[in-house]
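Remarks on the structure that follows.
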Amino acid sequence: MRSTRRGALVALPLAGLLLAGRATASADPDSTEAAVDYDALSHEELVELATEEGAVTVYAFTSRIASVEEAFQAEYPGIDVTSIDISSTEMITRLATEHEAGSETADVAYLSDAPVVIPELVETGILHAYVPERLTGVLAEEHQTPLLAQRLSTKILMYNEEAYPNGTPVTNLWQLTTPEWTGRVVLVDPNVRGDYLDLATEMSLRADEMAAAYEELVGEPLVLDEGVADAGQQFMADLYANDAVLVDDTDAVNAAIGTTGQETPPVGFTSYSDRRDNEEEGWALQAASGVAPANGIVFPALLGITENVEHPAAARLMIDFLMGDDTESGGPGFEPFAVAGDYPTRSDVAAHEDALPLEELGAWSIDPEATVELRDDTADFLLTIQ
């Protein structure tokens, strides 16, 4: 089911509304206020009104928003972009706090962590969807609602391909709980980053698969410890007991795994797309494929417009730009995300040629509604085993 698109009541000069050509006159003939259905405006009309607004502010969970800002301003030089790089976890709190205080700063939110975003920002009316009409035929329904999904991102097992030139040294997740990998598995603490908590939660949601993978490796059925609810929790308990290294950010994970010149580097869970920084950072990150029962998770990167958006036309124009143009590569708006490890949601934009096809990556696709049901229990459990 498609989400309901919102119009907006705004005060605009009547001449501008007539120029836009889609305005509806107010019931009060003396009023200069009118209703504008921004979602129904053509691209040309959006550009004209966005240029009149002259600015747009974006909160984004990726540093690549700086490249988007530069490309957008080159395309639309009359519109100033303010972009703020902030983690999804922090952004969710900030958007809710600003909304409650009536002091919203962002026009557009670009974030992950769908299991929290949907109940806390979408269902509360803090964020709303906008799907450019030109894209409805090239996006699956699941990528259009409740918010527009720009791409699919990952948190998967990665390894150092310089140290392991013949491929991944891990083919079963339960190997990470064995003495060979004691103190050599790195991840961001799931209790400080939502996408890592989603990964841990997915292991519980896939408990049957986790149990089967254990039996495949060990040769006997998994026996749960007292107080452990399922095979996913047991894996996390065994991983922590095997001296897994918990850090605060993915840069630390990437450096630990990927730095070249190591004889026995650790493995860990991070973003497949961070492989794009190998040359610049001196890393040798590579995705571990063919891991039982899965190497991690795939989740959507979402775009939404804030409830009290100050620049409604420019916000929609920015979202349209981030979704890419109609070329196979997606053009300058999508260029920062045209890397191995990011998968476009548009069916007419090709994934990077060096990326494993999504169907061969072997990661679980999360179900945000199922994740949110178990997420708090997972967080509570992880606190008991640290």
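Converting phi to 3J(HN,Hα) with the Karplus coefficients 6.51, -1.76 and 1.60 and the offset θ = phi - 60°, region 291-301 yields 9, 8, x, 6, 9, x, 10, 10, 8, x, 9 Hz in sequence order, with x at every glycine or proline. Close amide H partners of residue 292, meaning residues 5 or more places away or on another chain with modelled amide H under 5 Å apart, are 172, 173. Per residue, the solvent-accessible area of the chain (1.4 Å probe, heavy atoms of protein chains only, all protein chains present) comes to 43 Å². Comparing 205, 217, 46 in a Gaussian network model of the chain (Cα springs below 10 Å), the most mobile by mean-square fluctuation is 217.
The HN-Hα couplings worked out from phi for region 332-337 by the Karplus form 6.51 cos²θ - 1.76 cosθ + 1.60 (θ = phi - 60°) are x, x, 9, 3, x, 10 Hz, whole numbers, x standing for Gly and Pro.
Of the beta bridges DSSP finds with both residues in the chain, what % are antiparallel, to the nearest 5? In the chain, approximately 65 percent of DSSP beta bridges are antiparallel ones.
In whole Hz, what ³J(HN,Hα) sequence does region 266-276 give by Karplus (6.51, -1.76, 1.60; θ = phi - 60°), x for Gly and Pro? With coefficients 6.51, -1.76 and 1.60, one gets x, 10, x, 9, 7, 8, 4, 5, 5, 4, 4 Hz.
Within region 183-219, none of the trypsin sites (Lys or Arg not before Pro) combine a DSSP coil assignment with at most 13 other C-beta atoms in a 10 angstrom radius. Distance from the Cα centroid of region 344-359 to that of region 254-289 is 21 Å (rounded to whole angstrom).
Kirkwood's formula applied to the C-alpha pairs of region 264-317 gives a hydrodynamic radius of 15.0 angstrom.
With springs only between Cα atoms under 10 Å, which of 222, 121, 148 fluctuates most in a Gaussian network model of the chain? Per the Cα network of the chain with a 10 Å cutoff, 222 tops the list. Of 51, 311, 262, which is farthest on the positive side of the dipole of the chain, counting Cα position, with +1 on Lys and Arg Cβ, -1 on Asp and Glu Cβ, and the Cα centre as origin? It is 51, whose Cα lies furthest towards the positive end.
Kirkwood-type hydrodynamic radius, region 216-363: 18.7 Å, calculated from all non-identical alpha-carbon pairs. Specify the longest stretch of the chain that does not include any exposed loop site, a site being one of the GluC sites (Glu not before Pro) with a non-H, G, I, E, B DSSP assignment and at most 14 other Cβ atoms within 10 Å. Counting at most 14 other Cβ atoms within 10 Å as exposed, the longest clean stretch of the chain is 1-122. Placing one equal scatterer on every Cα of region 83-160 and applying the Debye formula, the log10 ratio I(q)/I(0) at q = 0.20 Å⁻¹ is -0.97. Axis of helix 65-75 versus longest Cα principal axis of the chain: the two differ by about 30°, to the nearest ten degrees. Under 5 Å from the amide H of residue 80 lie the amide H atoms of 55, 56, each residue being 5 or more positions distant or on a separate chain, with H modelled from the backbone and absent for Pro and chain starts. Working note: Cα gyration tensor of region 161-256, eigenvalues times five, square-rooted, sorted largest first, giving semi-axes of 22, 18, 12 Å. With q set to 0.22, 0.23 Å⁻¹, the log10 of I(q)/I(0) for region 44-126, from the Debye formula over equal scatterers at the Cα positions, is -1.04, -1.08.
To put it simply, the accessible area of the chain at a 1.4 Å probe is 48 percent carbon and sulfur. What do you get for the angle between helix 368-385 and the principal long axis of the chain? Use alpha-carbon atoms, 0 to 90 degrees, nearest ten. So the helix axis and the longest Cα principal axis differ by about 50 degrees.
Whole Å is fine, so just give me how far the alpha carbon centre of region 108-142 lies from that of region 42-75. Result: 18 Å between the Cα centres. This structure gives Cα extents along the principal axes in Å, computed directly, and of (1) 62, 43, 39; (2) 88, 51, 45; (3) 79, 42, 33 that value is listed as (3).
Calculated on the alpha-carbon coordinates, the convex hull of region 278-386 measures out at 204 cubic angstrom per residue. Once the gyration tensor of the Cα atoms in region 123-179 is diagonalised, the equivalent ellipsoid follows with semi-axes of 40, 16, 10 Å, ordered largest first. Relative to the first principal axis of the alpha-carbon coordinates of the chain, what is the inclination of helix 88-101, with its axis defined by its Cα atoms, in degrees from 0 to 90 and to the nearest 10? It works out to around 40 degrees.
The values are calculated or read from the model by the stated rules, or taken from the named source; none is laboratory data. Remember, predicted model here, so these are calculated numbers, not experimental data. As a convention, Cβ positions derive from the backbone with ideal geometry for all residues, glycine included, and neighbour counts pool all protein chains shown. The area values use the complete protein model at the heavy-atom level, side chains included, leaving out ligands, DNA and RNA. Shrake-Rupley method; radii C 1.70, N 1.55, O 1.52, S 1.80 Å.
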